[in-house]
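Working notes for the structure below.
The numbers here are math on the coordinates, done by the rules we state, and not lab data. Every value quoted in this text rests on a predicted model; they were computed, and no experiment measured them. Here Cβ is always computed from backbone atoms with ideal geometry, including for glycine, and neighbour counts include all displayed protein chains.
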Amino acid sequence: MVAVIQTEQTAFAPPLVQLLYRRFGMEGFTVQATADEIVTVWIGRERVIPVLQFLKRNIDFPFAMLYDLTAIDERARTHLDGQPASEFTVLYHLLSFGRNEDLRLKVALFEQDLCIPSITSLWSAANWYEREAWDMFGIHFDGHPNLRRIIMPSTWQGHPLRKDHPARATEMEPFSLPDEREEREQEALRFVPEKWGMQRQNVDSDFMFLNLGPNHPSVHGVFRVALQLDGEEIVDAVPDIGYHHRGAEKMGERQSWHTYIPYTDRVDYLGGSMNNLPYVMAVEKLAGIEVPERAQVIRVMISEFYRIASHLLFYGTFAQDVGQMSPIFYMFSDRELVFSILESITGARMHSSFFRIGGVAMDLPEGWYKLICEFIEYFPKRLQEYDRTVLQNRILKQRTQGIGAYSTAEAIEWGVSGAGLRATGFCWDYRKKRPYSGYQNFEFDIPVAQHGDCYDRCVVRVEEMRQSLRIIEQCMLQMPAGPFKARHPLTTPPSKQHATHDIETLIQHFLNVSWGPVIPPGEACFAIEATKGVNSYYLISDGGIQSYRTRIRTPSFPHLQMIPLMSRGMMVADLIAILASIDFVMADVDR
């Protein structure tokens, strides 16, 4: 009888779960239903290494990328239907390119024993993710090569993403810096090479140590790289992040679903409203909201304008960092034209916060297409001119070709996405592989290169601007009629014409504006092809007016982790070109 029951359970389980059952047996696995329909399986701590090793190395079309690793403090959560008992949860999000599928594995832990095996032996990218989980939640990863804080200062007390850690400064004691504490803080800043995994000397010579940053124009933000040098050759380059940390995930758990939208603009502050998109689409998954076609097309058009704006800034600073001064001035002028169009439609430039749960903030203004028509006619000629002055420049080629190169396998191992992945010859773009917001209705190509070096990463982004222009033109010519926001009780706020129709809708309008919508309990993750790679929001609702857990998976975080691999054996000048080619912003890294 038991065998029959197990057979029936196996038959109805998702194929991935059946795969695990066949290899490990049915005991110790719990399948959890989620709003995003990503297969989610709870496993025991003792199975972490064997299960992940099996999924990465021993199946057809393996889960080659560790897409994300994070944790959840479950202690204040009330809706735990279908979950095993847990006070803290470690979450592994895996991605299989061959299957075009995600898998989410969870491990339950309790406060008195917050230990779990490190998976750095399986994925290089796990290093920083595990350090972040230790820093934010206090979870210890046995076997980690260097488990220390990564975002917060080494002297910080507590773990900020725990539910018992204050979310606002007003909940903490006023800041003070007595002499004893100042001395302790200053001592903590002392650079000790051994703590960074470096050696002071080898058999031949003493090494020199150099700080690049945290205030240096070539590191593109408040970012530090500690260099170990043998002459001018880089022996090691260790990134140091956290100087820009603002607690974006913590803020996501204290704001209402609607009032958090402007915060998302500031994560990749060069991507503007494109940052809104994965957040609002994750909320829409949780709430079951269908977005009208017109709103979807408007979202695509605005997102592609922000892609162009971001890539223009990258293009100009990339050329500037390798010594070409003129292009950035022309590219900034073109970026201003993009911002003028965005301002005419959304009312703001860099941080328009234009997307809403269920649609967009307002309909397109009268005459919206005129500026777009002019830009579509003007911009291709400018790109041709930039090709001649930048991409064909002999010195720029010498400085960037063959520098900072990595293979497709290395990119996947380290969690690289976006142009950095496509520059290795791997054609993967969420807009094509997992179309969202109607991208499947547009004709455009996915640019790829072959060498995976600094030059190719630039080439890919330049061609992406041309493809964005193609998409924008199709949006303009094929803009559908209809509403710009879903008529759903959980959209925020409902349109004014509906709010004044009857008292029930007016009450709903008042509640949604003052408190925000009450989103049903559940979990959902939504990912998009953002300006710098794949960006996603993983949201947990506990049936309230704000998120219980907000996880922002940004592309720049894993990208910076590759700096040592890309830099060893290079010159200091090469590192400047490498940093420029990554195209990162520190708000995207530190969150």
#### Entry: chymotrypsin sites (Phe, Trp or Tyr not before Pro) within region 109-153, DSSP loop, no more than 16 other Cβ atoms inside 10 Å
none
## Note on the structure
Computed over the chain, the Cα gyration tensor eigenvalues, each multiplied by 5 and square-rooted, give semi-axes in Å (largest first) of 35, 34, 25
### Query
Normalised by the residues of the chain, what does the relative contact order come to in percent, with Cα pairs under 8 Å and at least six apart?
16 percent
#### Entry: His140-Ala481 FRET efficiency (beta carbon distance; Förster radius 51 Å; 0.05 resolution)
0.35
### Query
Between Cys115 and Arg149, what is the FRET efficiency for a Förster distance of 22 Å, r being their Cβ-Cβ separation, to the nearest 0.05?
0.80
### Residue-span extension gain [Arg75 to Lys432] - 0.36 nm each, minus C-alpha spacing
124.6 nm
#### Entry: region 425-518 - percent relative contact order, Cα under 8 Å, separation 6 or more
18 percent
### Query
Rounded to the nearest 0.05, what FRET efficiency do Ser340 and Gln401 have when you use their Cβ-Cβ distance and R0 = 41 Å?
0.70
### Task
Mind counting lysine pairs for me in the chain? Cα separation below 24 Å, and the two need to be 8 or more apart along the chain or on different chains.
19
### Task
Measure off 7 Å from each Cα along the Cα-to-Cβ vector at Glu194 and Tyr369, then give the distance between these two points in nanometres to one decimal.
7.1 nm
### Message
Could you work out the relative contact order of region 248-590? I mean the mean sequence separation of Cα pairs under 8 Å and 6+ apart, divided by the number of residues, in percent.
### Response
27 percent
### Task
Could you list the residues of region 123-164 with an amide nitrogen less than 15 Å from a label point located 7 Å from the Cα of Glu187 in the Cα-to-C-beta direction?
154-156
### Query
Points 7 angstrom from Cα along the Cβ direction at Phe175 and Leu506: gap in nanometres?
4.7 nm
### Query
Taking the Cβ of Ile234 as the center, what net charge do the other residues with Cβ under 9 Å away carry, scoring Lys and Arg +1 and Asp and Glu -1?
-4
### Query
Do any trypsin sites (Lys or Arg not before Pro) in region 510-590 lie in a loop, going by DSSP, with at most 15 other beta-carbon atoms within 10 Å of their beta carbon, and if so which?
Arg568
## Note on the structure
Within the under-15-Å Cβ sphere about Ile395, not counting Ile395, Lys/Arg +1 and Asp/Glu -1 give a net charge of +2
